[in-house]
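Okay, so here's the structure we're looking at.
The values are calculated or read from the model by the stated rules, or taken from the named source; none is laboratory data. In this text, all values refer to a predicted model and were calculated from it rather than measured experimentally. Don't worry about glycine lacking a Cβ; one is built from the backbone with ideal geometry, like all the others, and counts go over all protein chains shown. Calculation scope for accessible area: heavy atoms of the full protein, side chains included, ligands and nucleic acids excluded. Shrake-Rupley method; radii C 1.70, N 1.55, O 1.52, S 1.80 Å.
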Amino acid sequence: MKKLVSVLVVATVILSGCNTENPETMNPFLTEYTTPFGVPPFDQIENEHFIPAFEEGMKLQQAEIDAIVGNRDAATFENTIEALDKSGELLSKVNGVFFRLRSAETNDELDSIARVIMPELTAHNSSISLNPGLFEKVKTIYAESESLDLSSEQAMVLKKTYRGFVRGGANLVGEAKERIKEIDKKLSMLTMQFGDNLLKETNSYQLVIKNEDDLAGLPESVCSAASDAAGAAGLEGKWVFTLQKPSWIPFLQYSEKRELREEIYRAMFMRSNNGNEYDNNKLITEILELRIERANLLGYETHAAFVLEERMSKKSENVYDLLMQIWEPALDKAKEEAAMMQQMIDRDGGDFKLASWDWWYYAEKIRKEKYSLNEEEVRSYFSLETVKAGLFDVVNKLYGLTFEPRKDLPVYHEEVMPYEVKESDGTHLGIIYMDFHPRPGKRGGAWSTSIRRAHVQDGKKVTPVHLIVMNFTRPTGDKPALLSFDETLTFFHEFGHALHSMLTKCEYLTVSGTAVATDFVELPSQIMENWCAHPDVLKTYAKHYQTSEVIPDELIAKLEAASKFNQGFATVEYTAASILDMDFHTLTDASGINANAFEEASMKRIGLIDEIIPRYKSNYFQHIFAGGYSAGYYSYMWSEVLDKDAFNAFLETSLFDQATATAFRENILEKGGSLDEMEMYVNFRGAEPTIEPLLKGRGLN
Ligand SMILES: [Zn+2]
């Protein structure tokens, strides 16, 4: 799972007393950071600092808003739009730390703080987005926009600000306006509850193996990780598997014990669907109902119509159109793959029909047999250090950037590694923190997020501070962390988001860096995966962790062939989840809906086969019920159309063609959301993208 978490746009309330005698000097948020590059002083931040800092931040922003509204001078871009864009500096500072920790290193105390502060933040946000005096000014400036002498970035900031107000309900009056506030507050609580329930269910399950025979088929490295996990859980001498992907996926791939595969897979896909206090079914219905009500109040028929208006895709018809073009060939391919697996089961004398918990196991067997590709062998060429060096080298060849470890910067966990990013001439660009391995307080998956976004404040450039978080296989025993090829791709992917954030030249937060449509935001990240997997690039970085031998051509050829294998499955499970998301969010009425039944009907309609489940089933579909991807999970595929087409520009010239790299940097990476997404793309490529490179890349045409 790859996802981008954007900085929460903020808002506010009243200052309450701080606990310390002299909070101004005691609370690190309330003074200017004295760290290098002004990064957060993680080593000085205590949980008790958050609430006072949030409250002071909301108070200060409210005062800024009051000043904008109370200004007797005629409203101008500078005294209104710019002043608003640059307001709430302290609040952004606290958000930048608190919400990163909530995802990457949370604990019960942070969870309770979130429960206190989230409703206040939502109310604060609403008080800005529904402030009638502020909206009047914005509206006046927007009406005059043609006659104002604005740069293209400023014009976009004005347009997005105006539309943001309208979409937040600023044009509504009376009861409807109050109701929007209530809905937003409720939704923020419900979606947070959804994520918390899922985390609880994910962490509460363990498959404990006591009998060594039950490890049959599992490679030594998998057993050793399970034995470490058992040790950490106080179960020495046993083996523990969990619902973290680096644990359950290898178990499914290798375990010969079919009944144990079923057990752990069921536990995975039944998370928050067990009828207990962590069940998400009721929350789904409530979230859907509120989203429809909100869309209706704003004049849209469905939540999807409301969301997609701001996306590159514009309409749900365009999304379904893309997904169905991919669905048909992918489903055909998946059926072929299932038949191949059934043949293998029959041949080996297995008297059963292939089930979803068998898929990984037989895929791995076929991969070995047909492609003689052994994942353990592959991993030995992708140690974390090797991959990191390779990634830095690719980025250096493309854009001339360099990366320097900065062990002197404070971190929130000893495993987190900060790097300073510099231009080829040594100019400081920003800081990227990397956090690689799973921990109990960390959400599953991989993501990329800003701690501080680039912009100009009081005439001075503020440089970006970015965080990428992964859940990669840990080092075990005397072995370094050896990544699967998929984890390697993920690393390049998340790093692409970080580059988008580092290279932006935007001056306004409204459009800076990754503040682009979510169906465009994966272009800078996914395009990086193309270099990661290219044979010529692999030979520069994939080296054996013991012998330093370069990955052999034969293994590269196998990797390439294998990358097309199981693409029916991968495309089907992803597209099924995307369609499920669209089906939920194109509903015009969700009252009394049963998520399980709805999902079943939806999957039946598109003909999903029993051997595959959607990549995310409703009850743990965090992207759409707890993240920012509702009516947007399709975005990865939309962006893949873009990234495959964009990478073709390099294939048509050369892998590190400087003119193409510069065009990509200047037209896409530096521009943030300051231009229409299709316009940026056409400026780079000279034409709109086509779908063929994607189908070819997935071996589906
Ligand atoms: Zn991404």
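Quick check on my filter: what residues within the stretch 508-517 are open to solvent by less than 30 Å² (accessible area, probe 1.4 Å) and in contact with a helix residue (DSSP H, G or I) (Cβ under 7 Å, 6 or more places away or on another chain)? Give the steps one after another, and end with the answer.
Step one: of the stretch 508-517, the residues open to solvent by less than 30 Å² (accessible area, probe 1.4 Å) are 508, 511-517.
Hits for the stretch 508-517 are Tyr508, Val511, Gly513, Thr514, Val516, Ala517.
Of all the residues that make up the stretch 607-636, how many are more than 16 Å from the ligand (Cβ to nearest atom) and open to solvent by less than 20 Å² (accessible area, probe 1.4 Å)? First the steps, then the outcome.
The initial filter retains those residues of the stretch 607-636 that are more than 16 Å from the ligand (Cβ to nearest atom), namely 607-614, 617-621, 625-626, 630-631.
If we keep only those that are open to solvent by less than 20 Å² (accessible area, probe 1.4 Å) too, we end up with 612, 614, 618-621, 625, 630-631.
The number of residues fulfilling the criteria is 9.
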Residues in the stretch 235-263 that are among the polar types (S, T, N, Q), at pLDDT 95 or above and part of a loop (DSSP other than H, G, I, E, B) total 2
Within the stretch 655-679, the residues that are of a type in the set (A, V, I, L, M), in a helix (DSSP H, G or I) and touching a residue at least 40 places away in the same chain (Cβ under 8 Å) are Ala661, Ile668, Leu669, Met678
Scanning the stretch 117-151 residue by residue, the ones that are open to solvent by less than 40 Å² (accessible area, probe 1.4 Å), closer than 19 Å to Thr76 by Cβ and not in a helix (DSSP H, G or I) total 1
In the stretch 471-490, residues that are out of contact with any Asp or Glu (no Cβ under 6 Å at 6 or more places or on another chain) and within 12 Å of the ligand (Cβ to nearest atom) total 1
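Quick grid of which residues meet (1) under 24 Å from Asn619 (Cα atoms); (2) more than 16 Å from the ligand (Cβ to nearest atom); (3) touching a Ser or Thr at 6+ places or on another chain (Cβ under 6 Å):
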residue: Tyr508; (1), (2), (3): no, yes, no
residue: Pro524; (1), (2), (3): no, no, no
residue: Leu538; (1), (2), (3): no, yes, no
residue: Val550; (1), (2), (3): no, yes, no
residue: Lys558; (1), (2), (3): no, yes, no
residue: Lys564; (1), (2), (3): no, yes, no
residue: Glu573; (1), (2), (3): yes, yes, no
residue: Ile579; (1), (2), (3): yes, yes, no
residue: Phe584; (1), (2), (3): yes, yes, no
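Of the residues Ala646, Ala663, only one is modelled with pLDDT of 95 or more and surrounded by 23 or more Cβ atoms within 10 Å (Cβ to Cβ); which? Full working, then the answer.
On the way: Ala663 fails: surrounded by 23 or more Cβ atoms within 10 Å (Cβ to Cβ).
Just one listed residue meets the conditions, Ala646.
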Would a scan of the stretch 485-507 turn up a residue that is without any contact (Cβ under 8 Å) to a residue 60 or more places away in the chain and buried (at least 24 other Cβ atoms within 10 Å of the Cβ)?
yes
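Just to check your reading of the model, which residue among Val387, Val416, Val421 is β-branched (Val, Ile, Thr), open to solvent by less than 10 Å² (accessible area, probe 1.4 Å), more than 18 Å from Thr473 (Cβ to Cβ) and modelled with pLDDT of 95 or more? Walk me through it before giving the result.
Working: Val387 fails: more than 18 Å from Thr473 (Cβ to Cβ); Val416 fails: more than 18 Å from Thr473 (Cβ to Cβ).
Criteria check complete, one pass: Val421.
I need a count of the residues in the stretch 469-495 that are in contact with a strand residue (DSSP E or B) (Cβ under 6 Å, 6 or more places away or on another chain) and either in a loop (DSSP other than H, G, I, E, B) or modelled with pLDDT under 95 (or both).
First, the residues of the stretch 469-495 that are in contact with a strand residue (DSSP E or B) (Cβ under 6 Å, 6 or more places away or on another chain): 469-470, 480, 482-483, 488, 490, 493-494.
Imposing the further condition that a residue be either in a loop (DSSP other than H, G, I, E, B) or modelled with pLDDT under 95 (or both) reduces the set to 470, 480, 483.
The total comes to 3.
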*asked:* I'd like to check something: does the stretch 421-438 contain any residue that is within 16 Å of the ligand (Cβ to nearest atom), assigned to a helix (DSSP H, G or I) and closer than 22 Å to Ser383 by Cβ?
replied: no
Ile451 meets each of (1) within 16 Å of the ligand (Cβ to nearest atom); (2) under 16 Å from the mean Cα position of the chain (by Cα) with one exception, condition (1)
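Could you tell me which of the residues Phe352, Phe392 is buried (at least 17 other Cβ atoms within 10 Å of the Cβ) and either in a helix (DSSP H, G or I) or among the hydrophobic types (A, V, I, L, M, F, W, C) (or both)? Outline the logic, then answer.
Values: Phe352 fails: buried (at least 17 other Cβ atoms within 10 Å of the Cβ).
Going through Phe352, Phe392 in turn, the sole match is Phe392.
Consider the stretch 321-347. How many of its residues are of a type in the set (Asp, Glu) and either open to solvent by less than 70 Å² (accessible area, probe 1.4 Å) or not in a helix (DSSP H, G or I) (or both)? Break it down into steps so the answer makes sense when it comes.
Just the residues of the stretch 321-347 that are of a type in the set (Asp, Glu), to begin with: 321, 328, 332, 336-337, 346.
Within this subset, residues satisfying the condition of being either open to solvent by less than 70 Å² (accessible area, probe 1.4 Å) or not in a helix (DSSP H, G or I) (or both) are 337.
The number of residues fulfilling the criteria is 1.
Condition check ((1) in contact (Cβ under 8 Å) with a residue 40 or more places away in the chain; (2) within 16 Å of the ligand (Cβ to nearest atom); (3) of a type in the set (S, T, N, Q)) across all residues:
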{"residue": "Lys333", "(1), (2), (3)": "yes, no, no"}
{"residue": "Gly350", "(1), (2), (3)": "no, no, no"}
{"residue": "Lys365", "(1), (2), (3)": "no, no, no"}
{"residue": "Leu373", "(1), (2), (3)": "yes, no, no"}
{"residue": "Leu391", "(1), (2), (3)": "yes, yes, no"}
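Given Glu554, Glu522, Glu529, which one is within 19 Å of the chain's Cα centre (by Cα), of a type outside the set (Lys, Arg) and open to solvent by 30 Å² or more (accessible area, probe 1.4 Å)?
Values: Glu554 fails: within 19 Å of the chain's Cα centre (by Cα); Glu522 fails: open to solvent by 30 Å² or more (accessible area, probe 1.4 Å).
Only one candidate passes the filter, namely Glu529.
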Within the stretch 83-104, the residues that are buried (at least 20 other Cβ atoms within 10 Å of the Cβ) and either over 25 Å from the mean Cα position of the chain (by Cα) or of a type in the set (Asp, Glu) (or both) are Leu84, Asp85, Ser87
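Condition test on Glu573, is it of a type in the set (Asp, Glu) and in a helix (DSSP H, G or I)?
It is true that Glu573 is of a type in the set (Asp, Glu) and in a helix (DSSP H, G or I).
Kindly indicate which of Ile14, Ile45 is farther than 30 Å from Thr518 by Cα, aliphatic (A, V, I, L, M) and modelled with pLDDT under 50.
Details: Ile45 fails: modelled with pLDDT under 50.
Of the residues listed, the single one that is farther than 30 Å from Thr518 by Cα, aliphatic (A, V, I, L, M) and modelled with pLDDT under 50 is Ile14.
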Expected single match for of a type outside the set (Val, Ile, Thr), part of a loop (DSSP other than H, G, I, E, B) and within 14 Å of the ligand (Cβ to nearest atom) among Ala517, Ala498 is Ala517
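Give the residues of the stretch 311-331 that are in contact with a Leu (Cβ under 9 Å, 6 or more places away or on another chain) and free of Cβ contacts under 8 Å to residues at least 12 places away in the same chain, sorted by residue number.
Residues satisfying the conditions are Lys314, Lys315, Asn318.
Does Ile264 qualify as being open to solvent by less than 40 Å² (accessible area, probe 1.4 Å), in contact with a strand residue (DSSP E or B) (Cβ under 7 Å, 6 or more places away or on another chain) and within 30 Å of Leu207 (Cβ to Cβ)? Don't jump to the end; show me each part of the working.
Details: open to solvent by less than 40 Å² (accessible area, probe 1.4 Å): yes; in contact with a strand residue (DSSP E or B) (Cβ under 7 Å, 6 or more places away or on another chain): yes; within 30 Å of Leu207 (Cβ to Cβ): yes.
So Ile264 passes the test.
Here are some residues: Gly174, Gly164, Gly168. Which one is under 24 Å from the mean Cα position of the chain (by Cα) and surrounded by fewer than 19 Cβ atoms within 10 Å (Cβ to Cβ)? Break it down into steps so the answer makes sense when it comes.
On the way: Gly174 fails: under 24 Å from the mean Cα position of the chain (by Cα); Gly168 fails: surrounded by fewer than 19 Cβ atoms within 10 Å (Cβ to Cβ).
Going through Gly174, Gly164, Gly168 in turn, just one is under 24 Å from the mean Cα position of the chain (by Cα) and surrounded by fewer than 19 Cβ atoms within 10 Å (Cβ to Cβ): Gly164.
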Residue set Lys159, Lys185; condition of a type outside the set (A, V, I, L, M), without any contact (Cβ under 8 Å) to a residue 40 or more places away in the chain, more than 22 Å from Gln253 (Cβ to Cβ) and assigned to a helix (DSSP H, G or I); output residue Lys159
Residue pairs within 8 Å by beta carbon, gap of at least six or interchain, first lying in the stretch 444-460 and in contact (Cβ under 8 Å) with a residue 40 or more places away in the chain and among the aliphatic types (A, V, I, L, M), second open to solvent by 20 Å² or more (accessible area, probe 1.4 Å) and away from the ligand (no atom under 16 Å from the Cβ), listed first then second, are Ala454/Lys461; Ala454/Val462; Ala454/Thr463; Val456/Val462; Val456/Glu507
